[in-house]
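Let me begin by presenting the structure, written as structure tokens, before commenting on it.
We did not get these values from a lab; they are worked out from the coordinates using the rules stated. Treat the numbers as computed from the prediction; the structure is a model and nothing was measured. Glycine also receives a Cβ, built like all others from the backbone with ideal geometry; neighbour counts cover every protein chain displayed.
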Amino acid sequence: MPDEPTRPLSGSSPCFCGSGRKLQHCHKTAAPDSRAAHVYQLYQDVDRAIEEYRTDHQAHPPCAAGCSSCCSDYFPVSQVEFELLLTYMERHWSKAEIQFVFEQSLINVEIFQQENPQMYASLTSRTSQEQELEQIRRYAGRNSFACPLLDPERGICRVYPLRPFICRTHGSSHTFYGSWRERLLPEKVCEHIPNSRAHRKVTPNIVDYWPQYEQLADVRVGAKQTRMRQYPIFYWFVLYARHGGGMTAQIGNRDHFDLPLDEHNARMARHEAR
Ligand code: SF4
Ligand SMILES: [Zn+2]
């Protein structure tokens, strides 16, 4: 697979909000080659790759409906992915359900501050990518609370069609960047998948999709890629509650959806340079 963004949607493609309607009849101001449209296309591409692998192989990882252990892990997602979640919620959820998730997230962040002060400090301060990754390596783990988008009784994701890239790929696939020596070291994927070497034998390697994901999550102009900060889902809700449209799924600035990706990248690069 080439190391370049996915192809854009077209006006007659199904809209990214999951309405089942065509993009041109649903989110009418959206650009078919927006960042959100590319991310949506990438979701479909990686889903297809995982599904094809599952069809062609008999052995599967133990991930199944109802297992939601990894939904309590600390992991950051990009802003465009969070806004795709909001778009889905706005289309499919009631206002009361949306407000509840914001309220839950405000509680979650208080718990997080108490139980993981080091990671909270990293999360709430300006930090370089290297520093943040180091803090994640040292302090991130499993939270005592699940993602606010999980249905706790049924153990299912309530935004499943628009769940982020990491949620689609964790457990159902693997990536491998390291050396052969590292490859031989078994490590734990989660409590149900104790051995990453065995896991690699029953899942597709999706390493080629990650550069595409990173290009879409970051700002890329020519060869220059500038990383944009990512946050865990519960913290995005807190940020949007405090600085966005309050406890609603409405997005004030729709540039992730309405601008072509190149134009948005150029605009973001100018903003970052200020
Ligand atoms: S978005 Fe869905 S799959 Fe991802 S952590 Fe939340 S509940 Fe789990
Ligand atoms: Zn739509």
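The table that follows gives values for the structure above.
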| read-out | value |
| --- | --- |
| Compactness of the chain - radius of gyration and Dmax, Cα, Å | 18.7, 54 |
| Mean Cβ neighbour count within 10 Å, used as a protection proxy, ranking 221-227, 39-45 highest first | 39-45, 221-227 |
| Debye, to nearest 20: dipole size of the chain, +1 on Lys, Arg Cβ, -1 on Asp, Glu Cβ | 100 debye |
| Among beta bridges that DSSP assigns inside the chain, antiparallel share in %, nearest 5 | 85 percent |
| Distant-in-sequence amide H partners of Cys26 (H built 1.01 Å from N, under 5 Å) | none |
| 5 angstrom amide H check on Val77, placed H, neighbours 5+ away | Tyr231, Ile233 |
| Phi-based couplings in Hz for the stretch 29-38 (Karplus 6.51, -1.76, 1.60; Gly and Pro marked x) | 7, 6, 8, x, 10, 6, 4, 4, 5, 5 |
| Helical mean residue ellipticity (222 nm; -39500 (n - 2.57) per DSSP H run of 4+; nearest 500) of the chain | -14000 deg cm²/dmol |
| Mean projected area in nm² (Cα convex hull; one quarter of hull surface) for the stretch 58-176 | 9.0 nm² |
| Relative contact order, percent, the stretch 101-164 [alpha-carbon distance under 8 Å, six or more residues apart] | 29 percent |
| Calculated from backbone phi, Karplus (6.51, -1.76, 1.60) coupling profile of the stretch 16-22 in Hz, x at Gly/Pro | 5, 7, x, 6, x, 8, 5 |
| Inter-part distance where the stretch 98-125 and the stretch 37-78 are each reduced to a Cα centre, Å | 26 Å |
| Residue-by-residue Karplus 3J(HN,Hα) for the stretch 202-213, coefficients 6.51, -1.76, 1.60, Hz, glycine and proline x | 10, 9, x, 7, 10, 4, 5, 7, 5, x, 5, 4 |
| Approximate shape of the stretch 154-274 as ellipsoid semi-axes (Cα gyration tensor, √5λ), whole Å, largest first | 32, 22, 12 |
